[in-house]
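Chemist: I'd like to ask you about the structure that follows.
The values are calculated or read from the model by the stated rules, or taken from the named source; none is laboratory data. These numbers come from a predicted model, not from an experiment. Here Cβ is always computed from backbone atoms with ideal geometry, including for glycine, and neighbour counts include all displayed protein chains.
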């Protein structure tokens, strides 16, 4: 998924062997579950892995993001919105988080639409992993609860 050209264009440049990179990512997610009680989930449709989504701690910002990366065949069907809402509910209602953010490139209008649908608001532009103008959306627990 990470190396599919339509997905990769929205993500920081991947380095190294794809299999080793996938193992490293899975290990990082497993470690996060043990340490924080959250990490991205595998997203399955009819028994087939179509991507990953959920909550991810981003040390560069010392905050938690909601993220999604789905195979292009799954785009435009509401899956990102559904899993992102489930992740926000878990973060706020179960874990008691105060703020959750999402970031994307300015041209990724589809992801920005998901961000707006799930209740996030644009706040600012940030630098992240070599990208200079990443858009930052977020929502606080009070706004999430009041929706």
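Chemist: (1) part of a loop (DSSP other than H, G, I, E, B); (2) surrounded by 11 or more Cβ atoms within 10 Å (Cβ to Cβ); (3) at pLDDT 90 or above: which one isn't true of residue 10, the others all being true?
Modeler: Looking at each condition in turn, residue 10 falls short on (3).
Chemist: To continue, here is another question. Starting from residues that are touching a helix residue (DSSP H, G or I) at 6+ places or on another chain (Cβ under 8 Å) and at negative phi, keep the ones in the stretch 40-51 and report whichever is surrounded by the fewest Cβ atoms within 10 Å (Cβ to Cβ).
Modeler: Of the stretch 40-51, the ones touching a helix residue (DSSP H, G or I) at 6+ places or on another chain (Cβ under 8 Å) are 40-41, 43, 45, 50-51.
Narrowing the set further to residues that are at negative phi leaves 40-41, 43, 45, 50.
Numbers: 40: 24, 41: 18, 43: 22, 45: 14, 50: 20.
Across the stretch 40-51, the extreme among qualifying residues is 45.
Chemist: Tell me which residues, restricted to the stretch 29-40, are touching a strand residue (DSSP E or B) at 6+ places or on another chain (Cβ under 7 Å) and part of a loop (DSSP other than H, G, I, E, B).
Modeler: Initial filter on the stretch 29-40 (touching a strand residue (DSSP E or B) at 6+ places or on another chain (Cβ under 7 Å)): 29, 32, 36, 38-40.
Listed by number, the residues that qualify are 38, 39.
Chemist: Further, regarding this structure: Name the residues in the stretch 75-91 that are out of contact with any helix residue (DSSP H, G or I) (no Cβ under 8 Å at 6 or more places or on another chain) and closer than 19 Å to residue 46 by Cα, would you?
Modeler: Listed by number, the residues that qualify are 77, 78, 79, 82, 83, 86.
Chemist: Of everything in the stretch 32-53, what is under 17 Å from the mean Cα position of the chain (by Cα) and at pLDDT below 85? Give them in sequence order.
Modeler: Let us first name the residues in the stretch 32-53 that are under 17 Å from the mean Cα position of the chain (by Cα), namely 32-33, 36-44, 49-53.
Hits for the stretch 32-53 are 32, 33.
Chemist: Given 125, 111, which one is within 14 Å of residue 66 (Cα to Cα) and at pLDDT below 95?
Modeler: 111
Chemist: Take residue 43 and decide whether it is in a strand (DSSP E or B) and more than 24 Å from residue 128 (Cα to Cα).
Modeler: yes
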